[in-house]
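A.B. asks: Mind having a look at this structure? Questions to follow.
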Amino acid sequence: MRLLWFLLLGICSAVPKRFDNYAILRITPQSEEALIFLRSFEKYENVEFFTPLTKVDQTAEVLLPPQYQDVFLEQQRGLDHDVDVVVAVKNVQEVIEEGVRPADKAESFDWSYFYPLEDIQSWITGLAEEYSDKVEVSNIKTYENRDLSIVKVSFNPKATKVVFIEAGMHAREWISPAVATYILNEIIHSTDAEIEELRNKFNWYVAPVTNPDGYVYSFEKDRMWRRTRTRLPGSDCIGIDANRNWDFHFNEDGHTSCGQTYPGPYPFSDICTRGLSQFLLNLPEKLQSYISLHSFGAKILIPYGNSTEHLDNYDEVYKIAEGAAKALEGVNGNHFEIGTALEVMKQGKVYGSSVDWVKAEMKVPLSIAYEIKGDFFIAPKETIIPTSEEMLQSVLYAAKEAEKL
Ligand SMILES: [Zn+2]
């Protein structure tokens, strides 16, 4: 009987989580009463506030399973329009399925879909073979024994400065690896004179999927998975938030539960963040720019995430971020906010992030994170190329200007 039970459990856990008729709502409470009403949904299973409910007149975005939608709308009506509601996505499952690369497109890699890890890996292997004297791949082994690949592009043996692009640290932010691979492709293949100049000026390192175990899990089991898949002795948590695990003011908010932002039991407890930090410390060249790609939110974040104080060379970096936001806006008209994570993310202080550690520990002139626009972690596949184009222009601008720092 016990064996049967375990087998059943095994089967259950192997079934991918579905999001049929899950909706994403943009909600704005217009009274204290409405705010309290909306907050009451936070406790329900599978309800997730992608952006937090902070105050009256502040819009939040919430993932709402179908079983709560009737009660939500009914009670919201009872509040006599005290809550503004916009249905941003009606059926999350549909958007997920449309975005994943179909089986018959396994041979193409052209940013028309979101690609599973194996496609990204074989595309990278192909680049390294094609440009054997210019492209080099280093691998860090993950907890589940996959490769976290870092691609080095070096067209000029005399280049001494590095631009490092880190992406995919949060599994469900699929637009991030998509943008990183797009930029990597442009850096290698573009015939644009400006890109050619920057290709020769720097050595480029791109790590498109820095949380490979989580990325695979988000494709195969749970599209909303954010953390790694690390299990550590003495902890019941599966996975840690890799962007809270770096040794910079680690876990100063005393996080212990296994929530989305569980930082792990100690700094660099995750094999990937540990490996990546060591890789950065051992770079033979000067790390000039460190760019971390996240989604969603249309923001450029400047260290430090735990402070509203503008430290180090914040003002100089802010100017570059302004130019980078302008370059981005010039492509599709999207506007990005700029500031420390504490100032612009509305989620309180952020501890243990990669860009903060890189800035504090390695004194890198430019260390910034983007919250790519990337619609609610489930950006429609048609947005991959326009988003990548705006991000390419922005990153190129930032890298070029950071050289002067
Ligand atoms: Zn993220």
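A.B. asks: Counting only residues that are surrounded by fewer than 16 Cβ atoms within 10 Å (Cβ to Cβ) and of a type in the set (Ser, Thr, Tyr), how many does the stretch 196-223 have?
C.D. replies: 0
A.B. asks: Please find, among Gly275, Gly239, Gly254, the residue that is at pLDDT below 95 and either assigned by TED's automatic domain parsing to the domain that holds Ile150 or crowded, with 20+ Cβ neighbours inside 10 Å (or both).
C.D. replies: Just one listed residue meets the conditions, Gly254.
A.B. asks: Further, regarding this structure: Residues that are among the small types (Gly, Ala, Ser) and either within 30 Å of Asp119 (Cβ to Cβ) or under 22 Å from the mean Cα position of the chain (by Cα) (or both): which helices (runs of 4 or more DSSP H) entirely in the stretch 20-108 hold 1 or more of them?
C.D. replies: 92-99
A.B. asks: If Glu322 satisfies all but one of (1) within 16 Å of the ligand (Cβ to nearest atom); (2) surrounded by fewer than 16 Cβ atoms within 10 Å (Cβ to Cβ), what's the number of the condition it fails?
C.D. replies: (1)
A.B. asks: Of the residues that sit in the stretch 32-60 and are surrounded by fewer than 16 Cβ atoms within 10 Å (Cβ to Cβ) and among the polar types (S, T, N, Q), which one is farthest from His294 (Cα to Cα)?
C.D. replies: Once the filter is applied, the top-ranked residue is Ser40.
A.B. asks: What pairs come up if the first residue lies in the stretch 270-290 and is part of a loop (DSSP other than H, G, I, E, B), the second is basic (Lys, Arg), and their beta carbons are under 8 Å apart, counting only those six or more places apart or on different chains?
C.D. replies: Correct list of pairs: Glu285/Lys161.
A.B. asks: Among the listed residues Phe155, Phe164, which satisfies the condition of being in contact with a strand residue (DSSP E or B) (Cβ under 9 Å, 6 or more places away or on another chain), away from the ligand (no atom under 16 Å from the Cβ), among the hydrophobic types (A, V, I, L, M, F, W, C) and not in a strand (DSSP E or B)?
C.D. replies: Being in contact with a strand residue (DSSP E or B) (Cβ under 9 Å, 6 or more places away or on another chain), away from the ligand (no atom under 16 Å from the Cβ), among the hydrophobic types (A, V, I, L, M, F, W, C) and not in a strand (DSSP E or B) holds for just one of Phe155, Phe164, which is Phe155.
A.B. asks: Considering only the stretch 224-235, I want to know if a residue exists there that is assigned to a helix (DSSP H, G or I), buried (at least 16 other Cβ atoms within 10 Å of the Cβ) and more than 16 Å from the ligand (Cβ to nearest atom).
C.D. replies: no
A.B. asks: Given the criteria in the same structural domain as Phe219 (by TED's automatic domain parsing), outside any helix (DSSP H, G or I), within 21 Å of Ala180 (Cα to Cα) and among the aromatic types (Phe, Trp, Tyr), does Trp111 qualify?
C.D. replies: yes
A.B. asks: Could you list, in sequence order, the residues of the stretch 329-364 that are assigned to a helix (DSSP H, G or I), among the small types (Gly, Ala, Ser) and surrounded by fewer than 22 Cβ atoms within 10 Å (Cβ to Cβ)?
C.D. replies: Gly330, Ala360 - these are the residues of the stretch 329-364 that are assigned to a helix (DSSP H, G or I), among the small types (Gly, Ala, Ser) and surrounded by fewer than 22 Cβ atoms within 10 Å (Cβ to Cβ).
A.B. asks: Looking at Gln93, Gln67, can you tell me which residue is modelled with pLDDT under 95, under 18 Å from Phe49 (Cα atoms) and outside the structural domain of Ser176 (by TED's automatic domain parsing)? Lay out the reasoning, then the answer.
C.D. replies: Details: Gln93 fails: modelled with pLDDT under 95.
None of the other options fit; the residue is Gln67.
The values are calculated or read from the model by the stated rules, or taken from the named source; none is laboratory data. Quick caveat: nothing in here was measured; it's all calculated off a predicted structure. Backbone-built Cβ (ideal geometry, glycine too); neighbour counts: all protein chains shown.
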